[in-house]
Amino acid sequence: MGLQAIAFYLLAIVTIAAGFAVVSARNPVHSVLFLIAAFFSAAGLFVLMGAEFLAMLLVVVYVGAVAVLFLFVVMMLDVDFAALRQGFARYLPIGGLIAGGLAMEMVIVSYTVATTGAAKLNDTPLASGAHAATGVTNAEAIGRVLYTNYVYFFQAAGMVLLVAMIGAIVLTLRHKPSVRRQVIADQVARTRRGGMRVVSLKPGEGVSE
Amino acid sequence: MNASFWGTPGGWTLLTVLQILAVMVWILLSLAFLLLADRKIWAGVQMRKGPNVVGPFGLLQSFADFGKFLLKEIVIPAGADKTVFLLAPLIAFTLGFGAWAVIPLAPGWVVSNINVGVLYLFAISSLGVYGIIMGGWASNSKYPFLGSLRSAAQMVSYEVSIGFVIVTVIILAGTLNLQQIVASQGGGFWNWYVFGGPGPLWTKLLTVIMLPMAGIFFISGLAETNRPPFDLPEAESELVAGYAVEYSSTPYLLFQIGEYANIVLICAMTSILFFGGWQAPFPTPFTAHWSPTAASFFGFMWFFAKIIFFFFLVAMAKAIVPRYRYDQLMRLGWKVFLPTSLVAVVVVAAWRVFGMGA
């Protein structure tokens with residue numbers, strides 16, 4: 001218990017501090033680095049809850065891929081962040097309203113779970129969190145629920161992502177007809193027969209095409 | 001000192017720290033000699049002698065270099081972001097060693113035998129890009145920045161195919177636990193996943209898929225660790241030394257050690273996922289009568305031998321393969337490796353469902 005409590009408070013404090021630093025840091029690159037720290041400590045909290053599969057996915061997807069692209073873009077863009085900060089007072093009320101709403105929701109959810117327990121979406125033993133007793137690992141439990149009860153939602157989410165990906169490609173892919181492009185297949189298919197020509201020359205004679 | 005002491009929080013912490021230290025000291029010592037081997041192999045291919053002055057055959061060269069690195073001055077560029085500049089090599093170093101926590105060195109020899117070991121490895125190796133990208137940005141200089149941008153794009157690209165290749169092994173093994181993945185490959189080299197894993201003779205047909213997968217994994221590993229022929233982030237003919245231009249002394253040393261730890265890690269992962277890890281390449285019924293320590297040591301020798309073999313391949317690749325052009329690198333990653341591994345995942349999954357009878 002002792003070690004777990006220490007780890008929880010350490011990770012929770014780091015998460016909150018890093019989250020605060022994301023919005024307060026002056027340098028946008030520092031903001032992204034703090035965001036990564038927040039993701040990472042959140043993954044640590046997941047591990048403490050016994051959801052090690054989710055923790056690893058959080059690190060792989062958010063820290064390993066999404067945040068890298070964030071960092072990439074923030075480093076490349078030359079945005080005047082001082083200008084973006086101008087409207088702070090103007091946006092404070094609506095921002096505060098949203099933050100307050102989110103906090104309220106979280107309090108309600110935590111209160112409900114603490115008093116009445118988590119809602120059971122179905123009665124399969126794996127979905128109701130009995131995996132600790134049956135010895136089924138985290139990944140297997142999630143997989144069984146995801147690919148049976150929620151397979152349509154899973155597929156729909158996949159389709160949404162596919163559409164988004166195609167949309168991004170369509171928006172950015174441009175072929176200028178004037179630009180000569182490298183055709184790898186042609187290069188690989190090139191043989192000695194088509195690529196060179198042996199011309200026998202007499203001394204003193206040049207080659208004229 | 002009895003068993004109950006190790007069960008208390010204090011004893012458990014002490015035991016884990018000792019285990020971590022044992023693994024780290026072993027890796028650092030191995031790295032000293034692997035680094036020398038890297039240079040010696042490179043020299044041998046070019047008909048040079050390589051380092052041969054410090055100690056017999058130059059065996060102590062790495063230690064001399066180590067002392068030199070420590071004694072030199074740390075230079076921080078005037079316009080650099082000091083904190084991030086010094087944090088970057090620390091992150092590279094820490095991540096290079098953090099991944100070793102889940103590597104099963106021998107039967108029962110692993111610091112942390114977690115159930116999602118493969119994912120942990122994948123997560124840690126996907127973080128490796130931060131050391132480089134932070135170092136390149138914080139240097140506040142053109143070439144390091146270009147190097148770090150190249151590195152970020154390259155590592156993100158090759159991670160995808162590495163992920164899919166790992167999935168094929170996971171599908172065959174049916175577990176994410178590295179110790180179980182290795183244990184299931186026992187009984188001879190024909191049970192390794194590169195030959196389709198354990199099963200009757202006709203399952204060896206899977207070699208057609210798994211052998212190329214092992215190749216893709218190894219080559220993507222080279223790209224992931226910025227080794228030649230994919231060392232574009234530090235291409236000396238274009239970018240001086242890439243992200244490491246402004247680094248000197250101990251921070252540079254940390255970068256180097258982290259990079260080599262990652263290279264050895266890729267060698268270890270190749271042997272664990274495809275070549276049986278600590279399993280001997282023949283049936284070993286005789287170890288059943290041995291004491292557990294002796295059997296573990298026997299397994300550890302095989303694991304170490306496999307790591308050294310793959311490191312030899314890495315060193316040879318550096319010596320004999322010319323550097324890729326950047327567009328060729330991207331083409332190989334996205335247009336060759338990614339579709340191939342994606343098809344392989346589908347085929348192996350179908351094999352698992354219809355061929356192996358679940």
Every residue from the stretch B:162-179 that is within 12 Å of chain A (Cβ to nearest Cβ), among the small types (Gly, Ala, Ser) and assigned to a helix (DSSP H, G or I): B:163
Among residues of the stretch B:126-148, those that are without any contact (Cβ under 8 Å) to a residue 40 or more places away in the chain, away from chain A (no Cβ under 12 Å) and in contact with a helix residue (DSSP H, G or I) (Cβ under 7 Å, 6 or more places away or on another chain), counted: 0
Residue in the stretch B:106-124 that is farthest from residue A:62 (Cα to Cα), counting only those that are more than 7 Å from chain A (Cβ to nearest Cβ) and modelled with pLDDT of 85 or more: B:118
Test: residue in the stretch B:184-199 that is within 12 Å of another protein chain (Cβ to nearest Cβ) and either modelled with pLDDT of 85 or more or out of contact with any strand residue (DSSP E or B) (no Cβ under 6 Å at 6 or more places or on another chain) (or both): no
Those residues of the stretch B:338-358 which are among the β-branched types (Val, Ile, Thr) and either closer than 17 Å to residue B:170 by Cβ or modelled with pLDDT under 85 (or both), in sequence order: B:343, B:345, B:346, B:347, B:348, B:353
Of all residues making up the stretch B:190-199, the number that are assigned to a helix (DSSP H, G or I) and under 13 Å from residue B:214 (Cβ atoms): 3
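Would a scan of the stretch A:144-164 turn up a residue that is over 23 Å from the mean Cα position of the chain (by Cα), within 14 Å of chain B (Cβ to nearest Cβ) and more than 28 Å from residue B:176 (Cα to Cα)?
no
For the subset of the stretch B:311-323 comprising residues that are under 21 Å from the mean Cα position of the chain (by Cα) and not hydrophobic (A, V, I, L, M, F, W, C), which member is farthest from residue B:40 (Cα to Cα)?
Among those that are under 21 Å from the mean Cα position of the chain (by Cα) and not hydrophobic (A, V, I, L, M, F, W, C), it is B:323.
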Selection status of residue B:241, of a type in the set (Gly, Ala, Ser), touching a helix residue (DSSP H, G or I) at 6+ places or on another chain (Cβ under 6 Å), surrounded by fewer than 24 Cβ atoms within 10 Å (Cβ to Cβ) and farther than 25 Å from residue B:341 by Cβ: yes
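At least 2 residues that are under 23 Å from the mean Cα position of the chain (by Cα) and of a type in the set (Phe, Trp, Tyr) in each: list the helices (runs of 4 or more DSSP H) lying fully within the stretch B:200-310 that qualify. Reasoning before the result, please.
Details: elements: B:207-224, B:236-239, B:249-273.
It comes to B:207-224, B:249-273.
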Odd one out for residue B:225 among (1) free of Cβ contacts under 8 Å to residues at least 24 places away in the same chain; (2) crowded, with 22+ Cβ neighbours inside 10 Å; (3) β-branched (Val, Ile, Thr): (1)
Answer residue from the stretch B:51-84, given it is surrounded by 15 or more Cβ atoms within 10 Å (Cβ to Cβ) and β-branched (Val, Ile, Thr) and is farthest from residue B:117 (Cα to Cα) among those: B:54
Among residues of the stretch A:12-33, those that are modelled with pLDDT under 90 and under 19 Å from residue B:130 (Cβ atoms), counted: 11
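If you take the residues of the stretch B:85-110 that are of a type in the set (Val, Ile, Thr) and crowded, with 19+ Cβ neighbours inside 10 Å, which of them is nearest to residue B:265 (Cα to Cα)?
B:103
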Cβ pairs under 9 Å, 6+ apart, first in the stretch A:174-199 and more than 14 Å from chain B (Cβ to nearest Cβ), second surrounded by fewer than 10 Cβ atoms within 10 Å (Cβ to Cβ) and in a loop (DSSP other than H, G, I, E, B): A:175/A:181; A:199/A:207
Odd one out for residue B:151, checked against (1) at pLDDT below 85; (2) assigned to a helix (DSSP H, G or I); (3) within 9 Å of another protein chain (Cβ to nearest Cβ): (3)
Some residue of the stretch A:7-27 being at negative phi, at the interface with chain B (Cβ under 9 Å from one of its Cβ atoms) and assigned to a helix (DSSP H, G or I): no
Candidates B:14, B:31 - the one that is more than 14 Å from chain A (Cβ to nearest Cβ), part of a helix (DSSP H, G or I) and either aliphatic (A, V, I, L, M) or in contact with a strand residue (DSSP E or B) (Cβ under 6 Å, 6 or more places away or on another chain) (or both): B:31
Residue, surrounded by the most Cβ atoms within 10 Å (Cβ to Cβ), within the stretch A:39-72, restricted to residues that are without any contact (Cβ under 8 Å) to a residue 40 or more places away in the chain and among the small types (Gly, Ala, Ser): A:64
Exclusive hit being closer than 30 Å to residue B:138 by Cβ and without any contact (Cβ under 8 Å) to a residue 12 or more places away in the chain, set B:246, B:238, B:259: B:238
Any hit, the stretch B:61-80, residues being in contact (Cβ under 8 Å) with a residue 60 or more places away in the chain and either among the small types (Gly, Ala, Ser) or touching a strand residue (DSSP E or B) at 6+ places or on another chain (Cβ under 8 Å) (or both): yes
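The values are calculated or read from the model by the stated rules, or taken from the named source; none is laboratory data. No experiment lies behind these values; they were computed from the predicted model shown. When we count neighbours, we look across all protein chains shown, and the Cβ atoms used for this are built from the backbone with ideal geometry, even at glycine.
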